[in-house]
Amino acid sequence: MRAVVITSHGGVEGIGVEEVGTPPAPTADRVRVQVRAAGLNRADILQRRGHYPAPPGYPPNIPGMEFAGEVESIGDAVRAWKVGDRVFGITGGGAQAELVLVPESNLARIPAELDWVEAGAMPEVFITAHDALFTRAGLHMGERVLIHAAASGVGTAAIQVAHAAGATVYGTSRTADKLERIRDLNLGLDASVAVGDTPANFAEAVQKWTNGAGVDVILDLVGGNYFSANLEALALRGRLICVGTMADAKSEIDLGLLLRKRLTVIGTMLRGRSIEEKAEATRLFASSVLPLVSRGAIRPVIDRVYPADEIRDAHERMESNASFGKIVLTFA
C-alpha cells in the first residue's frame, strides 16, 4: 500500500509517499479500514522533526492520528461493524496510509451529512475538544470558557461544542483576521481578542468581558508564557485544561494566585492513551457530538485539502501558521 513515510527527521524533505507493507489481516476485535481522508495535526509536524515519536505498538515512521474511510475487513470477534461501513476514528499513528488497522471500539459511524474530507477533519479535534472541555474540565451550561488558538482545528471544534452546550465562549488568536473569519462563520464565539506578542492582553480583555469575575474554564493549546495570564483570567475555582504547547512546554507559575483562587490545572493528551481510554472518548464523541452534526449545529472547518502526494506542501502550510481550521489529506 501507499503511505506517508518519514524517512529522516528535520525539514519537509524528510517526508514523502512510498510503498510500504500492508497491515496484516484483522483478527479478534480489529478492523482494517480503507482510508479515504486523514487529518493533519501539529503532532505530525513534531513527529517529522523528531520531537514526538509514536507510542509503542504503532508504526514509527507513518504519521497520522485520525482517518475516515470504509471498513475493508474485520476480525472474527468484531460485532459493531461490517465490510463497507463508513467509519472514522483515532489511532496512535499510521493513519496517513491507504489502510489502517484499529480496534473496533476506536471507530464511530460517519453521519450521512459528512463527505470523506469533512469526516477526515473531525475525529482528533472534536474528540480532543469534547474530552478536554467536558470529561476533564467539567464545563457546564451557563459557564464561561476561554479558548486559545481559536482558529486552529481544536479551537474551531471547541468553540462549537461549548456553544452548543450553552456556555459563553471567548477566544484568542495571534491575529485579528482569523478571529474575523470565525465571526463570519458564526461558530458561536461571543467575544474575542487578538493577542499578538502580548499574552497579558487576553487577561485584561477577560476582566472587561466578565466585569472582573473571570472565566470558569480555559482551554490552552499554546502553553509557554500564556500560563501566568491564564491564572489571572480564571475565576475563583476555575479550571485550566492544558492541551498543547505550541509556544513552549515550560512556564512560570504564581503559586500564590493558584492557591488564593483555588484553581485546578489539568493536563491531557489523547495520543498516548490506552485503547480502552480512547474507546471511551470515542463513545462519548459518538453519543454527544455526532447528533449535533446531524442537526446542523456543528461542522468541521476545512482550511485546505491536499492529495497525499502533496504531503510536503501540507506540512509547509501548517508550519506557516496561516491555516484556518483543518488541513486534510486525501487518498484515492
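The values are calculated or read from the model by the stated rules, or taken from the named source; none is laboratory data. None of these values were measured; they are calculated from a predicted model. No Cβ is skipped: glycine too gets one built from the backbone with ideal geometry, and neighbour counts run over all protein chains shown.
Worth a mention:
- The residues of region 44-61 that are surrounded by fewer than 21 Cβ atoms within 10 Å (Cβ to Cβ), among the aliphatic types (A, V, I, L, M) and in contact (Cβ under 8 Å) with a residue 40 or more places away in the chain amount to a single one, 45.
- Selection count, region 248-278, where residues are touching a Gly at 6+ places or on another chain (Cβ under 8 Å), surrounded by 11 or more Cβ atoms within 10 Å (Cβ to Cβ) and more than 25 Å from residue 90 (Cβ to Cβ): 5
- Residue in region 69-92 that is β-branched (Val, Ile, Thr), within 22 Å of residue 309 (Cβ to Cβ) and not in a strand (DSSP E or B) present: yes
- Subset of region 66-94 [farther than 14 Å from residue 29 by Cα and in contact with a Pro (Cβ under 8 Å, 6 or more places away or on another chain)]: 66, 67, 68, 88, 89, 90, 92, 93, 94
- Test: residue in region 244-257 that is under 30 Å from residue 99 (Cβ atoms) and either in the same structural domain as residue 133 (by TED's automatic domain parsing) or without any contact (Cβ under 8 Å) to a residue 24 or more places away in the chain (or both): yes
- Residue match in region 193-203 (condition: under 20 Å from the mean Cα position of the chain (by Cα) and more than 18 Å from residue 142 (Cβ to Cβ)): no
- When 286, 281, 314, 308 are checked against the criterion of being at pLDDT 95 or above, over 18 Å from the mean Cα position of the chain (by Cα) and either closer than 25 Å to residue 92 by Cβ or not assigned by TED's automatic domain parsing to the domain that holds residue 216 (or both), a single residue qualifies: 308.
- Candidates are the residues of region 141-161 that are without any contact (Cβ under 8 Å) to a residue 40 or more places away in the chain and more than 20 Å from residue 41 (Cα to Cα); the one that is surrounded by the fewest Cβ atoms within 10 Å (Cβ to Cβ) is 141.
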